[in-house]
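Worksheet for the structure shown next.
Read-outs: derived from the displayed coordinates by stated rules, not from any lab. The structure presented is a predicted model; accordingly, all values stated were derived computationally and were not measured. Every residue, glycine among them, receives a Cβ derived from its backbone with ideal geometry; neighbour counts consider all protein chains shown.
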Amino acid sequence: MVKQLADKQPFQKLDCQSRAEINAPELLMQGCGKKIDTQGLTKTRKEISANKNSIAANVLQNVVDRAIPGAWSLGLTDDTHFCLSKLQTRTPLPELYGADEVHQKQFGQTDLKEYRT
């Protein structure tokens, strides 16, 4: 009986880590949506800024990095979609999420507001 890569523990671990990282931002943004509904957009801006900043920077890049070992014999050649995916994850995504600096500034302003004299 031939074992598939999906039957191997290292790949199951990578799948678990990737699924957790993919689902976490969704749950964070659902929490923001509920807070917007109950408390309004103004009181939710800090959480939205923090979530957008972390999502844009990490999740896609980490998932692609974990997927590459599954096809290590092919590597990053043009024969696989990993080459293009790897290049796209290294490209900043400000057009999708807004500039990171804007979200970082917004988060910092609202988070530090209570400490101003």
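Given a Förster distance of 35 angstrom, what is the FRET efficiency for N23 paired with Y115, based on the Cβ-Cβ distance and rounded to 0.05?
Approximately 0.55, to the nearest 0.05.
Net charge around N51, counting only other residues with Cβ within less than 12 Å of its Cβ (Lys, Arg = +1; Asp, Glu = -1)?
+2
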